[in-house]
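For reference, the structure discussed in these notes is given below.
The numbers here are math on the coordinates, done by the rules we state, and not lab data. This structure is a prediction, so every number in the text was calculated from the model and none was measured. Counting neighbours? That spans all protein chains shown, and the Cβs are built from the backbone with ideal geometry, glycine included.
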Amino acid sequence: MGDKERLMTISEAADLLKVSKASLRRWSNSGVLKSYRVGNRSERRFKLADLLAFVTTANGTSSLLETSGNAAASAEKAEAAFLGREPRKHICAFYKSPREQWQFFRSHFLDHIGSDARIVYLYHGDSQRVINWIRSEGLDFEASRGDKRLLLLSTAESYSIGGFFNTARMLEFWRNIAAEAKADGIKKLLLTGEMGWAHTDLPGHEQLISYEAELDQMLESHPWITVVCQYPVYQISGVTVYDNLCVHTHVQLSDRLAPCFSPL
């Protein structure tokens with residue numbers, strides 16, 4: 001059997017394309033990328049020819065000498081073309097200061113301030129800080145809130161209703177927000193939350209990563225929704241940063257949006 005017919009393990013395929021194994025599973029499950037099941041454990045295998053064809057479809061070239069970020073972006077484009085829609089965006093942002101926080105979030109905010117879009121912002125602490133950011137863009141905060149383009153809610157009104165956090169309740173909260181937006185004819189919905197509450201002694205805070213993972217799964221069927229989870233990096237551990245990179249699709253950097261990864 002020639003090299004192009006050799007079946008590669010999922011680890012080998014992930015290393016070759018510079019993407020996560022979770023992405024390969026998702027793409028093969030949806031039919032975007034062809035895979036084969038072998039052995040008693042029905043393990044997933046890939047042909048080199050199929051992987052090369054996949055990258056060609058995504059990027060117009062079979063060259064694999066590209067950066068991992070470009071390879072992942074190319075694969076996302078292939079998935080979008082196959083499914084006829086843009087892939088979901090579940091973004092984590094790790095900021096060091098209020099100025100950097102707005103810098104990271106600003107482009108997402110401005111992209112969703114139009115008449116066919118809505119922003120739901122869950123703030124932790126002082127709402128005036130968020131209002132000042134919005135006004136600094138020359139926007140009328142009261143008008144945006146009045147016509148329901150912008151909804152501003154506190155942690156107590158969202159994540160910690162009743163004085164505790166619960167994953168199932170929070171996911172239902174987001175589903176209700178999405179259903180209302182769809183009923184109002186909204187085409188693009190931006191959901192964002194300041195995540196400082198997750199690093200307090202709030203009962204239920206230990207559910208954070210499992211919540212993020214379930215939220216990511218929910219977004220599979222809601223590609224018109226963008227979620228940005230804003231983490232104060234000076235309050236969290238390296239383990240929490242790593243875990244978040246494993247359950248989000250993208251991380252917001254200072255100059256670009258980059259693909260995340262999944263654990264082995």
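Can you give me the long-range amide H partners of TYR95? Hydrogens built in the peptide plane at 1.01 Å from N, cutoff under 5 Å, separation of 5 or more residues or another chain.
Amide H to amide H, under 5 Å and 5 or more residues apart or across chains, TYR95 pairs with TYR231, VAL233.
Towards the positive end of the charge dipole of segment 181-264, with charges on Cβ (+1 Lys, Arg; -1 Asp, Glu), say which of SER254, TRP197, ASN244 has the farthest Cα.
Projecting each Cα onto the dipole axis, the largest value belongs to SER254.
Starting from the Cα-Cα distance between SER210 and ASN29, subtract it from 0.36 nm times their residue separation and give me the gain in nm to one decimal. Could the numbers behind the result be given before it?
Numbers: separation 181, 0.36 × 181 = 65.16 nm, distance 2.17 nm.
Contour length minus Cα-Cα distance gives 63.0 nm.
Which net charge results for the neighbourhood of LEU139, defined as the other residues with beta-carbon distances under 14 angstrom from its beta-carbon, given Lys and Arg at +1 and Asp and Glu at -1?
Surrounding charge for LEU139 is -1.
Which of rounded, prolate or oblate describes segment 89-259 when judged by the alpha-carbon gyration tensor and an a/c cut-off of 1.5?
Numbers: a/c = 1.36, a/b = 1.21, b/c = 1.12.
The shape class here is rounded.
How long is the gain from ASN132 to ILE161 if the chain were fully straight, where each residue apart is worth 0.36 nm and the alpha carbon distance is subtracted?
Working: separation 29, 0.36 × 29 = 10.44 nm, distance 2.57 nm.
The span from ASN132 to ILE161 would gain 7.9 nm if fully extended.
Restrict the search to segment 181-220; then list the GluC sites (Glu not before Pro) that DSSP places in a loop and that have at most 16 other Cβ atoms within 10 Å of their Cβ. Write down the numbers at each step before the final one.
Values: sites: GLU194, GLU206, GLU212, GLU214, GLU220; in loops: GLU220.
Here the GluC sites (Glu not before Pro) that fit, given the DSSP loop and packing criteria, are GLU220.
Which order, highest average first, do 38-51, 17-30 follow once you tally other Cβ atoms within 10 Å for each residue and take the mean per peptide?
Working: 38-51: 14.1, 17-30: 19.1.
Ranking, from highest mean packing down: 17-30, 38-51.
Using amide H atoms built 1.01 Å from N in the peptide plane, name the residues 5+ places from ILE119, or on other chains, whose amide H lies under 5 Å from its own.
Sorted by chain and number, the residues that satisfy this are LEU150, LEU151, LEU190.
Dipole magnitude of segment 148-264 about its Cα centre, charges +1 at Lys/Arg Cβ and -1 at Asp/Glu Cβ only, in debye to the nearest 20? Please list the in-between numbers first.
Details: 8 positive and 13 negative charges, 104 e Å.
It comes to approximately 500 debye.
Pairs of Cα atoms under 8 Å, at least six residues apart: use those to get the relative contact order of segment 89-259, whole percent.
Reported relative contact order: 37 percent.
LEU139 versus ASP50, label points 7 Å from Cα toward the beta carbon: distance in nm?
4.4
Given the Cα-Cα distance of LEU202 and ARG37 and 0.36 nm per residue of separation, how much length would full extension add, in nm?
On the way: separation 165, 0.36 × 165 = 59.40 nm, distance 4.43 nm.
Answer, rounded to one decimal: 55.0 nm.
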